[in-house]
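Following: one structure in structure tokens, then a few remarks.
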Amino acid sequence: MPAGGAVTQRENGVLIGTVLDLADPESLGRVKLRLPQFEDQQTDWARVASPMAGKDRGFFFRPEVGDEVLVAFENGDPRCAYVLGALWSKVDTRPPDDGNDAQNNWRFIKSRSGHIVKLDDTKGAEKIEIIDKSGNNKIVIDSATSKIEITCTGDMDIKAGGALKIEATTVDIKATAAMTIKGQPVNIN
């Protein structure tokens, strides 16, 4: 335990803590916590539970500094804290969803800056969306219509180290300004 204000009494069960620090000196993804139940004492570096974790792989989502988290202690030892998950509250509200809690159709990840990965299981309107913070640049995979749509407000580059093939029953290429086609040679069949 760090000196001065460190948790020293045994604690069985779970507590609510607040994340203080993310700068783990060993780069193990651990966090330091403040525990209001112990007069705001802080923990040692606490490991963060994840749905999947292994060598050079896993699900890496650490809580942010200031987030409320649920904390447990190995065998009640305050030197061995684990973050079980993060908690929403009246202050730290969850991101908005489709407004239909009873149906529970949306699963999504929303980052601090507002980027979203959304899985929509609404019957007959199933889709997967990746949306940037502006909401203007996105990829939508629409299972209901079997359509994939990529929207971009700026330039878009598609690059391949090998061949790039586009195949469909019909292909429509349209430019509202100039169109340039380069190749050595350009074959039109």
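From the list ASP56, ASP120, pick out the single residue that is under 28 Å from ALA168 (Cα atoms) and modelled with pLDDT under 95.
Details: ASP56 fails: under 28 Å from ALA168 (Cα atoms).
One residue alone meets the criteria, ASP120.
Give me the pairs: first residue in the range 161-172 and within 14 Å of GLY183 (Cβ to Cβ), second residue modelled with pLDDT under 95, beta-carbon distance under 9 Å, and six or more apart or on different chains, which are they?
As it stands, the answer is LEU164/ILE158, since those pairs meet every condition given.
Results for (1) at negative phi; (2) in contact (Cβ under 8 Å) with a residue 40 or more places away in the chain; (3) aromatic (Phe, Trp, Tyr); (4) out of contact with any Lys or Arg (no Cβ under 9 Å at 6 or more places or on another chain), shown as yes or no for each residue.
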position: SER111; (1), (2), (3), (4): yes, no, no, no
position: ILE116; (1), (2), (3), (4): yes, no, no, no
position: ASP121; (1), (2), (3), (4): yes, no, no, no
position: GLY124; (1), (2), (3), (4): no, no, no, yes
position: LYS138; (1), (2), (3), (4): yes, no, no, yes
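With the structure loaded, tell me whether LYS138 is within 21 Å of ARG62 (Cα to Cα), charged (D, E, K, R) and surrounded by 12 or more Cβ atoms within 10 Å (Cβ to Cβ) or whether it fails that test. Spell out how you get there, then give the answer.
Working: within 21 Å of ARG62 (Cα to Cα): no; charged (D, E, K, R): yes; surrounded by 12 or more Cβ atoms within 10 Å (Cβ to Cβ): yes.
Considered against the rule, which asks whether it is within 21 Å of ARG62 (Cα to Cα), charged (D, E, K, R) and surrounded by 12 or more Cβ atoms within 10 Å (Cβ to Cβ), LYS138 comes out as no.
Looking at (1) touching a Leu at 6+ places or on another chain (Cβ under 8 Å); (2) at positive phi, can you tell me which one GLY99 breaks?
(1)
Exactly one condition in (1) touching a residue at least 40 places away in the same chain (Cβ under 8 Å); (2) exposed (fewer than 12 other Cβ atoms within 10 Å of the Cβ) is false for ASN100; which is it?
(1)
For the range 139-165, which residues satisfy the criterion of being basic (Lys, Arg) and not assigned by TED's automatic domain parsing to the domain that holds GLU129?
Of everything in the range 139-165, those that are basic (Lys, Arg) and not assigned by TED's automatic domain parsing to the domain that holds GLU129 turn out to be LYS159, LYS165.
Tell me which residues, restricted to the range 43-63, are outside any strand (DSSP E or B), of a type outside the set (A, V, I, L, M, F, W, C) and either in the same structural domain as SER111 (by TED's automatic domain parsing) or surrounded by 13 or more Cβ atoms within 10 Å (Cβ to Cβ) (or both).
Answer for the range 43-63, where residues must be outside any strand (DSSP E or B), of a type outside the set (A, V, I, L, M, F, W, C) and either in the same structural domain as SER111 (by TED's automatic domain parsing) or surrounded by 13 or more Cβ atoms within 10 Å (Cβ to Cβ) (or both): THR43, ASP44, SER50, ARG62, PRO63.
Scan LYS174, LYS182, LYS123, LYS133 and give me the residue that is under 30 Å from PRO95 (Cα atoms), of a type in the set (Lys, Arg), part of a loop (DSSP other than H, G, I, E, B) and over 18 Å from the mean Cα position of the chain (by Cα).
Step by step, each of LYS174, LYS182, LYS123, LYS133 is checked, and only LYS123 is under 30 Å from PRO95 (Cα atoms), of a type in the set (Lys, Arg), part of a loop (DSSP other than H, G, I, E, B) and over 18 Å from the mean Cα position of the chain (by Cα).
The values are calculated or read from the model by the stated rules, or taken from the named source; none is laboratory data. Note that the structure is a prediction, hence the values are computed from the model and not measured. Using ideal geometry, Cβ is built from the backbone for each residue, glycine included, and neighbour counts are taken over all protein chains shown.
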